[in-house]
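Enquirer: Can you read through this structure? Questions will come right after.
The values are calculated or read from the model by the stated rules, or taken from the named source; none is laboratory data. Predicted model, so just to flag it, every value in this text is computed and none were measured. Positions of Cβ are generated from backbone atoms using ideal geometry, with glycine treated the same way; all protein chains shown enter the neighbour counts.
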Amino acid sequence: MTGMKGHFEKGVWVEEKIPDEKPEIKGEPIGDRIEKTQTEISQTIGNVISLTRDLFTTEEGRKHIQKKIDNAGTQLDSAIRDIMSQSEKATKPEKEKKKEGK
């Protein structure tokens, strides 16, 4: 029964031959897809290189970088203030207990 498809008919196993399975080709052939993908990757790498050059060599690019740096600094300052505030709240009860014990 191995390699054979079948079914029971009146208590007897009836074998059916499994048809040769060929992969169904859907859409473009694989070679064309590979070539298309390679072209797209090359274009994307070219776009990244061009953008990087423009970020560092144009006034607009440098302003964009500076804006991102300023925003990151602001967020870091805010996070540090939040941590310090939470730390003070967490240690405040201990400070009050020490004052009461004196």
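Enquirer: Of the residues GLY27, GLY61, which is under 30 Å from LYS5 (Cβ atoms) and without any contact (Cβ under 8 Å) to a residue 40 or more places away in the chain?
Expert: GLY27
Enquirer: Would you check which residues across segment 18-51 are touching a Gly at 6+ places or on another chain (Cβ under 9 Å) and either of a type outside the set (A, V, I, L, M, F, W, C) or modelled with pLDDT of 85 or more (or both) and list them? Write out each step before concluding.
Expert: At the first step, the residues of segment 18-51 found to be touching a Gly at 6+ places or on another chain (Cβ under 9 Å) are 18, 33, 51.
Selection gives ARG33, LEU51.
Enquirer: While we're on this one: Could you list, in sequence order, all residues of segment 28-64 that are acidic (Asp, Glu) and in contact with a helix residue (DSSP H, G or I) (Cβ under 6 Å, 6 or more places away or on another chain)?
Expert: The answer is ASP54, and nothing else.
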